[in-house]
Amino acid sequence: MSDNGSPLTITVRIQRFNPDVDRKLYLQDFKVAWQQGMTILDALHTIKAEQDGSLTFRRSCRHAICGSCAMNVNGRNMLVCEQPIKAHLNRKNEITIRPLPYLPIIKDLVVDRTTFWAQYMRVKPWLIPPENIPEKEFRMSPEEVAALQDAEHCIMCGACYSACTVVGTTKEYIGPHALLKAFLRVMDVRDSAPGERLADIAGSDGVYRCHTIFNCIDACPKHLNPTRAIETLRKLAQKRLAFEAARAERQKHLDKPVTSG
Amino acid sequence: MSNPSVITHDVIVVGAGLAGTWAAMIAGEQGVDVGVISKVHPLRSHSGAAQGGIAAALGNVRPVPNTGPDGPLEQVPPDAEPYDSWELHMFDTIKGSDWLGDQDAIEIMVKDAIEIVYEYEHMGCVFSRTPDGRVAQRRFGGHSTPRACYSADWTGHVLLHTIHEQALKHGVRFYSEWYALDVIVEDNVCKGIVALDILTGQVVLMRAKAVMFATGGYGRAWKITSNALANTGDGVAIAYNAGVPLMDMEFVQFHPTGVYGHGILLSEACRGEGGYLLNSKGERFMERYAPGKMELAPRDLVSRSEQTEIDEGRGVGPDKQGIWLDLRHLGREKILERLPQVREIALNFSGVDVIDELAPIQPTAHYSMGGIPATVDGQVIADAQSTPVVGLYAAGECACISVHGANRLGTNSLLDASVFGRRAGYAMAAFVKGGARLQPVESDAVARNEARITRLMSDAPAGKGESWSQIAAELKSTMTDNAGIFRDDARLRQALSDIRRLQERFQGVRIMDHSRRFNTDLLGALETEHLLTFSEVVVVSALARTESRGAHYRTDYAKRDDEHWLKHTMAHKSPDGPVLSFKDVNINWEKYPPQERKY
């Protein structure tokens, strides 16, 4: 029902493309009966079940934690599972859904993230721990956890990556998602290779490629701030040796209680 | 894009959540060649959706002395007596399981718990911390101490990313977006699997010396569920079709706090941090059902209490089918620090801010206690005598080891998946290094699965042609109405006849997408077939069990019956439907004999 009580029919305009049969991209309109609480993902499911089973998209968890369903809606990247569709309708009750930009299309709304994952691998996303592992946990203060700025919440959905105009021009760029992962590792007091990591990302494909356009911040569904992380990495890269030395010093006491607060 | 039609590894793992990735990482570390297939990218696995924590008796935190059950927590002073123990964790788990959990397996899990949490920490997992830098812990339902190690309310997510990174470090090969169609078991020996490369649509034979299933739970057979869309019980159904029995399938946990109308999880950490449940009269009704534990009673009990309130007319919301979750008294700061994801979910899906509003919730199908029977080393067994299916392993939610028995405690699932995934990894590495060989495949499994796909993609007979989504919807309806929180003979018989009718109708299913490339219409049909397969086993097992235990509650047999039913249900496939046999529960009669379960 619409606000005045009459049934509301919405138009969902979807970019379609199956490279095996289509010569070019096209937009297709589907009419859907809006229902209270309908998300954009619900509308896609309704279309797939009732109108066109070949409509292809990724999805899984339905609550913005698995990172499958990042798409471009009315020009903005977002996770469609957590978005009420009504908030994205124009005055004609239309919404336009396209796949994430700057990436090859596999089929309809499914994109090829090969370069995205290759850059993730490039930054060595795993922790490189010190040699002396304590019997129990490494001691880490709540403040040291807070310094990670929730970077560990990144769900690798790709919304930031494909909103980044630098990525649009070169896939050599490491990208905001992988730089945020590098930030997580560099800032973690348990990581013993921050110097190596900073040296790697300070190259021409790394932190200096970022033009601070802030698209990644706008796109991030988890409210993370890759731009700020990249800024921090830039500053640390300039005093890499001192940072490395401070880390080595901190790691001498990783098995000891911390004081905080 | 083309792949060879036969792929070979020493070990093939199906599923890349915590259990599968742990196994793959360990086997890789042991120098064994491992391939992991996953229907979604590994980091999309549903382990990542777990919120509240992972249980381990670290004893880092205790209640401030002389405060009540809701009182504040503090870090245990360094010189104080240990506050928690694996023995206590073991007892809580046994009691939570309503004595159906195998006590030898539970003992291994709770002992390994401590080591595995430290191992996660050493691998870089970002845990929340105590002021002196230890892993922080919180209260959770059914646990008698604050035992849940957590990372705000993102615990599964950080564990999944951590272990995936480690697997990459050890060179594990991931086949992302590959779907298992079949497992090849001949003469009780597993020889490999048949898989679909989703991108190309090619059907591939994957041969291995050892195969492990880590395919997750089967909660997608219910209308309201916290489970991801991917959790269609594929591995469970595939194993069953290959002649492997399924154990304790009647035990399905309904979580007390799903988002009203959606089923998406609002973590038990809400109550662990002190949240209340209220009925339409504003009463904390748990006082009537579990006065000692209130909202932190185990999930089966809390969900039944909620449903009773709803059925007796004290529900909330437009159709009175909900309950209020009240977090307002926790305060903004605590909610933002400890429950940020919960707040976001309630905002997006219910339009309420839990900082100053009540959130409408309802019980939601959440966890599958039953599954593929396996030993503590992940070895799948073929019968009640524990005859091994050589080369076949299982761990995580698809497996039934059984550590959760009739009801799982919160934070024991991340633990189960991690501990037994790791053990299966070591066991498979030892099996391979001990001289296991690739076995010749006799069957025409590839052709059979090609035919299955060809039929679904073919044109329907004139005027016929069922839609899988319609059949799936009807199945979920009957499972919810007739095989849900409260069950009885008549309702279960109704469910069974509905399922059998739907199974017949499934033969007429045709899909609309006729392209081989990334065909999610085809996946939907195959998944629906799997839902129909295991749902029949759930219902037949539930019909047979004429007692109430843990999450299985029969209104016509409302008492636990240890004399007849202190045993596991095993279901084998036959042309006439599931055939049941029963397996003894491992019980230490001196230390942990069955008691009345009261909270």
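Read the figures in this text as sums done on the coordinates, not as results from a lab. The shown structure was predicted, so the numbers you read here are calculated from the model rather than taken from an experiment. Reconstructed Cβ throughout: ideal geometry from the backbone, glycine too, with neighbour counts over all protein chains shown.
Given a Förster distance of 30 angstrom, what is the FRET efficiency for residue B:115 paired with residue B:595, based on the Cβ-Cβ distance and rounded to 0.05?
0.55
Give the average over all directions of the projected area of the C-alpha convex hull of the protein assembly as shown, one decimal, in nm².
Average of the hull's projected areas for the protein assembly as shown equals 35.0 nm².
So for the stretch A:9-111, considering every pair of alpha-carbon atoms, how many percent are separated by more than 24 Å?
Roughly 15 percent, rounded to a whole number.
Tally Lys and Arg at +1 and Asp and Glu at -1 over the other residues with C-beta under 10 Å from the C-beta of residue A:55: what net charge comes out?
-1
Rank the residues A:174, B:163 as a footprinting-exposure proxy: fewest other Cβ atoms within 10 Å of their Cβ go first.
Ranked by crowding around the Cβ, least crowded first: A:174, B:163.
Averaging over every viewing direction, what projected area does the convex hull of the Cα atoms of chain B cover, in nm²?
Directional mean of the projected Cα hull area for chain B stands at 26.5 nm².
Note down the magnitude of the dipole of the protein assembly as shown about its Cα centre, charges +1 on Lys and Arg C-beta and -1 on Asp and Glu C-beta and zero elsewhere, to the nearest 20 debye.
With only Lys, Arg, Asp and Glu charged at Cβ, the dipole is about 2020 debye.
Name the GluC sites (Glu not before Pro) in the stretch B:250-338 that are in a loop by DSSP and that have at most 14 other C-beta atoms within 10 Å, would you?
B:283, B:312
Could you run the Karplus curve 6.51 cos²θ - 1.76 cosθ + 1.60 with θ = phi - 60° over the stretch B:330-339 and give me ³J(HN,Hα) per residue in whole Hz, x for Gly and Pro?
In residue order, the calculated couplings are 6, x, 4, 4, 5, 5, 5, 7, 9, 10 Hz.
What are the semi-axes of the equivalent ellipsoid of the stretch A:25-77, taken as the square roots of 5 times the eigenvalues of the Cα gyration tensor, listed largest first and rounded to whole Å?
18, 15, 12
Take each complete run of DSSP H in chain B, measure how far its Cα atoms stretch along the helix's own axis, and keep only those covering 30 Å or more with mean Kyte-Doolittle hydropathy at least 0.0; list them.
Result, helices passing both filters: B:412-433, B:520-544.
Determine one quarter of the surface area of the Cα convex hull of the stretch A:87-222, which equals its mean projected area, and express it in nm² to one decimal.
The orientation-averaged projected area of the Cα hull of the stretch A:87-222 comes to 11.0 nm².
List B:325, B:532, B:199, A:241 from most exposed to least, where exposure is judged by having the fewest other Cβ atoms within 10 Å.
Ranking B:325, B:532, B:199, A:241 by Cβ neighbours within 10 Å, fewest first, gives A:241, B:199, B:532, B:325.
Taking the stretch B:340-444, which trypsin sites (Lys or Arg not before Pro) meet the DSSP loop condition and have no more than 15 other C-beta atoms within 10 Å?
Within the stretch B:340-444, the qualifying trypsin sites (Lys or Arg not before Pro) (loop, at most 15 other Cβ atoms within 10 Å) are B:437.
Given the -39500 (n - 2.57) contribution per DSSP H run of 4+ residues, what per-residue ellipticity at 222 nm results for the protein assembly as shown, rounded to the nearest 500 deg cm²/dmol?
-10000 deg cm²/dmol
Can you pull out the chymotrypsin sites (Phe, Trp or Tyr not before Pro) in the stretch A:184-250 whose DSSP state is coil and whose Cβ has at most 16 other Cβ atoms within 10 Å?
Passing both the DSSP loop test and the Cβ count: A:214.
Taking the Cα atoms only, what angle lies between the long axis of helix A:240-251 and the longest principal axis of chain A, rounded to 10 degrees?
Tilt of helix A:240-251: around 80 degrees.
To the nearest whole number, what is the average tally of beta carbon atoms from other chains within 10 Å of the beta carbons of peptide A:44-53?
Partner-chain Cβ atoms within 10 Å, mean over residues of A:44-53: 4.
So what J values fall out for the stretch A:48-58 if you push phi through Karplus, 6.51 cos²θ - 1.76 cosθ + 1.60 with θ = phi - 60°, rounded to Hz, Gly and Pro as x?
Couplings: 5, 6, 9, 10, 8, x, 7, 4, 10, 7, 9 Hz.
Sticking with the crude label model, points 7 Å out along Cα→Cβ, report the distance from residue B:572 to residue B:173 in nm, one decimal please.
That separation, rounded to one decimal, is 3.6 nm.
Could you give the angle, 0 to 90 degrees to the nearest 10, between helix A:226-238's Cα long axis and the longest principal axis of the Cα atoms of chain A?
Between the helix axis and the principal axis of chain A, the angle is about 30 degrees.
Sorted from fewest to most neighbouring beta carbons within 10 Å, what does the list B:574, B:458 look like?
B:574, B:458
Take the cross-link list B:111/B:591; B:559/B:598; B:223/B:320; B:281/B:320; B:293/B:567 and give me the ones stretching past 21 Å between alpha-carbons.
Checking Cα-Cα distances, B:293/B:567 exceed 21 Å.
Which of A:22, A:112, A:188 ends up with the largest GNM mean-square fluctuation for chain A, with Cα atoms connected below 10 Å?
Between A:22, A:112, A:188, it is A:22 that shows the largest mean-square fluctuation.
Expressed as a whole percent, how much of the Cα-Cα distance distribution for chain A exceeds 23 Å?
58
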